[in-house]
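The values are calculated or read from the model by the stated rules, or taken from the named source; none is laboratory data. This one's a predicted model, so the numbers in the text were calculated from it and none came from an experiment. As a convention, Cβ positions derive from the backbone with ideal geometry for all residues, glycine included, and neighbour counts pool all protein chains shown. Calculation scope for accessible area: heavy atoms of the full protein, side chains included, ligands and nucleic acids excluded. Shrake-Rupley method; radii C 1.70, N 1.55, O 1.52, S 1.80 Å.
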Amino acid sequence: MTAQLFTPLSLREVRLRNRVVVPPMCQYSAERGIAGDYHLVHYGRFALGGAGLVILEATAVVPEGRITHGDLGIWSDAHGEALARVAGFLKAQGAAAGVQLAHAGRKASMQRPWEGNGPLSADEVARGEAPWPIVAPSAIPLDEGWLMPAELSPADLDGLTAAFVAAAGRADAAGFDVIELHAAHGYLLHTFLSPLTNRREDAFGGDRAGRMRFPLAVARALREAWPSAKPLFVRVSAVDGLEGGLTLEDTLAFAGELRALGVDVLDCSSGGLAGSATAARIRRDYGFQVGFAEAVKRETGLSAMAVGLIVDPHQAEAIVAEGRADLVAVGREALADPNWTVRASRTLDGAPEPGFETWPEQAGWWLERRE
Ligand code: FNR
């Protein structure tokens, strides 16, 4: 029997060659938001390594929506043109190209992880990386010592929706096959969804319907702007893992609404809402978030992507073969081995190619003859 991990999947008119996705992973290596050689080579390795879909990291739709000074952006045509080079290479190597559209909300204006992972400090200011004013649904900072976000007005929200739509237009022009809307990990849209960070008293807060209103408006606008031939993914934190935070029930309600407006895949992550001092209680074990994808599929009929400590080909195969998720994302393990997918194609019983046929021929031809 064919390994299910290597069964192609068609979403609208985009065909993924297999079920392995490299999920968005910020590299904090852009100059003024512009993709460069680093991004071409870094993402290109995953396409050469056989992934079905490579989703570029959180890419800010406005400059203030970056997490750090090193984030990718897509707020001008020049940004889109730099990304087109990356998308073109991924597709030339047989992978579908995705980009995650993002706004960091109250988690904007931070240090790169390896420079402290905290609010920008005097060190960064001294070398020209000053903090900038941040925004959120409500004026609640991430943690003690962090910047206070300004509360967004309804007019600001309209402006942000327009920024997401403009970004989708640039992503289309750049040749991307998939956009993923980032509504997870404590960034802007997640903070609208969660009752812990959305204390608004207008139409964009309050009960679950109110808290979902802005994220759904952005998703709807993206679905209208993004070509009907191309799939739209949304990434959520399925649970906050915090007292009084988002629950799976909230996420299933959100997923149902997203499905109704034409979203194609829910990418099911979790956590990230609070600062480090109040870390969420989510037990991280192999495949710890697969149950969220499975519940979304079962309860709402929306296709789902599983992510989180999926490291082994047999584990990934079982998730797809048992119908628990349609796609599996392999993040850090792909950082460790960009060839994860082509190696998996030789490991799994019933994988279509026992040899090196799924490898780029520049390597595969030689490897085939090595033994
Ligand atoms: C991430 N993650 C992440 N998630 C997201 O939605 N947008 C992003 O830009 C990033 N950035 C990012 C950077 C780095 C270096 C890592 C390691 C992770 C989360 C990532 O997509 C994935 O959900 C987690 O890494 C869990 O999957 P793995 O790594 O256990 O397979």
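Go through 234-242, 154-162, 71-79 and give me the packing order, highest mean Cβ count within 10 Å leading.
234-242, 71-79, 154-162
Suppose every Lys and Arg Cβ carries +1 and every Asp and Glu Cβ carries -1, with no other charges. What dipole size does the range 112-219 come out with about its Cα centre, to the nearest 20 debye?
240 debye
As a check on your grasp of the helix formula, calculate [θ] at 222 nm for the chain: sum -39500 (n - 2.57) over DSSP H runs of n ≥ 4, divide by the residue count, round to the nearest 500.
Per the formula, -10500 deg cm²/dmol.
Given the options Val263, Val14, Gly210, identify the residue whose Cα lies farthest towards the positive end of the charge dipole of the chain (+1 on Cβ of Lys, Arg; -1 on Cβ of Asp, Glu).
The listed residue farthest towards the positive side: Val14.
How much length would be gained if the chain were fully extended between Trp132 and Glu357, taking 0.36 nm per residue of separation minus their Cα-Cα distance, in nm to one decimal?
Gain on stretching Trp132 to Glu357: 76.0 nm.
In nm, give the distance between the simple-model label positions of Ala162 and Glu299, each being 7 Å from the Cα along the Cα-to-Cβ direction.
3.7 nm
Calculate what fraction, in whole %, of the accessible area of the range 4-341 sits on carbon and sulfur atoms when a 1.4 Å probe is rolled over the protein chains.
Details: 6350 of 12510 Å².
Heavy-atom surface of the range 4-341 belonging to carbon and sulfur, 1.4 Å probe: 51 percent.
Per 10 Å bin, what percent of the C-alpha pairs of the range 173-329 does each bin hold, from zero upward?
Each 10 Å bin holds this share of Cα pairs: 11, 40, 35, 13, 1.
Hey, can you rank 215-228, 55-68 by average C-beta count inside 10 Å, highest first?
Working: 215-228: 18.8, 55-68: 24.9.
In descending order of packing, they fall as 55-68, 215-228.
Take the Cα atoms of the chain, build their convex hull, and give its volume per residue in Å³.
Hull volume normalised by residue count: 130 Å³.
Expected output is a single nm value to one decimal: the length gained when fully extending between Glu243 and Val41, i.e. 0.36 nm times separation in residues minus the C-alpha distance. What is it?
Numbers: separation 202, 0.36 × 202 = 72.72 nm, distance 4.20 nm.
Taking Glu243 through Val41 to full extension adds about 68.5 nm, to one decimal.
How high is the FRET efficiency from Glu31 to Ala173, r the C-beta distance, R0 22 Å, rounded to 0.05?
FRET efficiency, Glu31 to Ala173: 0.55.
Label-point separation (nm) for Lys91 and Ala253, each offset 7 Å from Cα along Cα-to-Cβ?
Going from the Lys91 label point to the Ala253 one covers 3.9 nm.
Measuring with a 1.4 Å probe in the full set of protein chains, what accessible area per residue, in whole Å², belongs to the chain? Write out the running numbers ahead of the final one.
Details: 14900 Å² over 371 residues.
Each residue of the chain exposes 40 Å² on average to a 1.4 Å probe.
Going highest first, how would you order 33-45, 294-306 by mean Cβ packing within 10 Å?
294-306, 33-45
Just for the chain, what percent of DSSP beta bridges are antiparallel, to the closest 5? Walk me through the intermediate numbers first.
Working: 5 of 40 bridges.
If we restrict to bridges inside the chain, about 10 percent are antiparallel.
What nm value, rounded to one decimal, do you get for the distance between Glu201 and Ala139 when each label is placed 7 Å out toward the C-beta?
Modelled inter-label distance: 1.4 nm.
Going by amide H atoms built from the backbone, whose H comes under 5 Å of the H on Asp267, apart from near neighbours?
HN-HN under 5 Å from Asp267: Val234, Arg235, Val236, Met305.
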